[in-house]
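Colleague: Take a look at this one; I'll ask things after.
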Amino acid sequence: MKFQVALLVAAVLTFGSEARILVKRSFRDQSVRGYLTERTCWWNEICKEEFQTLFRCKCPLWSYCRSPGRYYNAFCTMTGTGYIWTQPDRSWGSAI
């Protein structure tokens, strides 16, 4: 039993520092509040252009508006890591 605990501690100490390198992180930005057009994006289409204050289109519910950083074009992808642009309400227009 003591050998197993010692082996576990040794493994954590050996691989613990390397595990931090493999962690994928994301950052969510909610600064953009509107849309240029009322339409849904295609998969892998540009949903937000760099330095623009409005989204070009809405990503489908199963995808994210994602870019590699704040000052890059963002595309609709299923990957939830990187710089995620949170898109506002998914219902178009107002109720009549």
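Colleague: Just to be sure, is Arg66 at negative phi, touching a Phe, Trp or Tyr at 6+ places or on another chain (Cβ under 8 Å) and either surrounded by 13 or more Cβ atoms within 10 Å (Cβ to Cβ) or modelled with pLDDT under 95 (or both)? Steps first, answer last, please.
Modeller: Details: at negative phi: yes; touching a Phe, Trp or Tyr at 6+ places or on another chain (Cβ under 8 Å): yes; either surrounded by 13 or more Cβ atoms within 10 Å (Cβ to Cβ) or modelled with pLDDT under 95 (or both): yes.
Yes.
Colleague: Which ones in segment 45-63 are under 13 Å from Phe75 (Cα atoms) and β-branched (Val, Ile, Thr)?
Modeller: Ile46
Colleague: Can you give me the number of residues within segment 35-44 that are among the charged types (D, E, K, R) and either surrounded by 15 or more Cβ atoms within 10 Å (Cβ to Cβ) or touching a residue at least 24 places away in the same chain (Cβ under 8 Å) (or both)? Can you show your working first?
Modeller: First pass over segment 35-44, keeping only residues among the charged types (D, E, K, R): 38-39.
Restricting the remaining residues to those that are either surrounded by 15 or more Cβ atoms within 10 Å (Cβ to Cβ) or touching a residue at least 24 places away in the same chain (Cβ under 8 Å) (or both) gives 38.
Final tally of qualifying residues: 1.
Colleague: Quick one: is Cys57 touching a Ser or Thr at 6+ places or on another chain (Cβ under 8 Å), of a type in the set (A, V, I, L, M, F, W, C) and modelled with pLDDT of 55 or more?
Modeller: yes
Colleague: Hey, among the residues in segment 2-40 that are modelled with pLDDT of 70 or more and over 16 Å from the mean Cα position of the chain (by Cα), which one's nearest to Met78 (Cα to Cα)? Steps first, answer last, please.
Modeller: Of all residues in segment 2-40, those modelled with pLDDT of 70 or more come to 25-40.
Okay, now just the ones that are also over 16 Å from the mean Cα position of the chain (by Cα), so 33-40.
On the way: Arg33: 21, Gly34: 21, Tyr35: 20, Leu36: 22, Thr37: 22, Glu38: 21, Arg39: 18, Thr40: 15 Å.
Once the filter is applied, the top-ranked residue is Thr40.
Colleague: For segment 45-62, which positions are surrounded by 18 or more Cβ atoms within 10 Å (Cβ to Cβ) and not hydrophobic (A, V, I, L, M, F, W, C)?
Modeller: Lys48, Arg56, Lys58
The values are calculated or read from the model by the stated rules, or taken from the named source; none is laboratory data. A quick note: this is a predicted structure, and the numbers were derived from the prediction, not measured. Quick reminder, even Gly has a Cβ in these numbers, built from the backbone with ideal geometry, and neighbours come from all protein chains shown.
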